[in-house]
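Undergrad: Below you will find the structure I want to go over with you.
Derivation of every value follows stated rules applied to the coordinates shown; laboratory data play no part. Remember, it's a predicted structure, so these values are computed and weren't measured experimentally. All Cβ positions, glycine included, derive from the backbone under ideal geometry; neighbour counts span all protein chains shown.
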Amino acid sequence: MRFSRVAIALTLLLLAAAAALFLYFFERHTEEVDLGPGPEARRNPFLAAERFLDRLDIPHRRAENIAVLSTLRKNDALFLASSSQIYNDDRLRELLDWVEAGGHAIVIAHRGGDGEHEQDLLLNALGLEVTSGDLDFYFNAQIREMFGEDADALQENPSASKMMREHNRKLAEQENKNTAEPEENRAEENISGQPRNPDVDPEKLVNLTSDSGASYALYFNPHRVLSHEMMGQSAETDLDGYLLRWVTFQNFPTQSPLIYHERGRGRLTLMTDGALWHNDRIGEFDHAYFLAHLVGERNLVMITRPRFDTLSELIQRYALELFVAGLLALAAWIANRSRRFGPVLPAPASERRSLLEHIRACGNFYWRQQRAENLYEKTRAPLLYKLGVRGSLAAERQQQLAESVAAATGLAAREIFDILWGPAPRNEDDFTARVRSIQIIEAAL
């Protein structure tokens, strides 16, 4: 029992000593870890640009779609993230008229995929088209992250495996060098190191100088550029009485990433690379200051993600108008279907007469023209032919034939004799009765 108490006491003493040593030698270390863009920055790629404009006290706001043109003032600035937002001729004319009155529009040329034949109204009006330029490896984030400054060598080295081996060798040499250097020197180097711009070919930088003398170094994505039929022959051209000027690369005089269109008292700035002012690139070179230069002292209206009202929103907004229009349509339908002038008139009789009326009219006409005898002869001639009568018969033979026909039809022999060989009828009733008897005889035979 005594031994167990001693063991417990020693254990507690050891734990206390370990805790004291840990607290004495423990040193708190803080390390910053880049977790990437936050939720708001992922939703809005121009968040950093907006924060930069706030720092410079440049007023700005976001609009939903191009319909905001009707509310802009003449001294405002408009940023369109894509020229495809100008979707019809009316919007194009409204934009150009606003620029001519003094507005400043900054438009990013629509970057359609390869093989896309979508029409761009603004580019067509300026005589421009978007073409493929020189693809720079700086915009391939995965290659840049893996190879760093050696990524440019991939454009000249056809063997990717050889490039990988060379890259690994350089990494091993750098690691050995860092191990050989004193720890304090490397720490000092990390502290004194300053963020720098991406390592790109200086010839691919676009250097601009403003009227005030300020210079701006910009790096446009050379994969998409603008071209014009007059590009390479002069630095500007005339377009409907206004100047169209372009800024070209040093080695590509027929390709331009930036074009100015001086129109009236305003200006239209057209660019192929709107990612200059995205969160991940606005801090490079002079991209942020160039945005401030373009906006100046104007109020900036940004249309980055156009949004249009849905059908439900339109119904809610114009519910009263739709209700009134429905009531008017219902009243018009009821008025159209109701009796407004008494009972409906009967349909007019057809102007075409029946076959019986036509026969009666023909009979009356022939009767008045004294042609009843000719009609009757034409009617009984087929009957005589059917009975086999050819020419004249003796009285005895006529009597026998009349009696035989009378036995077959049920008519009187004297009546049949008058029908076949008697004189023509003298009145309408007699004519009708004889024609009826001829029909009876033909039916019986």
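Undergrad: Multiplying the sequence separation of Ala347 and Ala408 by 0.36 nm and subtracting their Cα-Cα distance, what value in nm do you get?
TA: 17.0 nm
Undergrad: Still on this model: Rounded to the nearest 0.05, what FRET efficiency do Glu229 and Leu56 give with R0 = 35 Å and r taken as the Cβ-Cβ distance? Could you check?
TA: 0.35
Undergrad: For every other residue with a beta carbon closer than 13 angstrom to the beta carbon of Tyr376, add +1 if it is Lys or Arg and -1 if Asp or Glu, then tell me the sum.
TA: Charge balance in the 13 Å sphere: +1.
Undergrad: Between Glu357 and Asp418, with labels modelled 7 Å along Cα→Cβ, what's the label distance in nm to one decimal, could you check?
TA: The modelled label-to-label distance comes out at 3.4 nm.
Undergrad: How far apart, in nanometres, would the label points at Glu262 and Leu12 be if each is projected 7 angstrom from Cα along the Cα-to-Cβ direction?
TA: My value for the distance between the label points is 9.2 nm.
Undergrad: Could you size up the charge dipole of region 189-340 around its Cα centre, putting +1 on the beta carbon of Lys and Arg and -1 on that of Asp and Glu, and report it in debye to the nearest 20?
TA: Roughly 1300 debye, rounded to the nearest 20.
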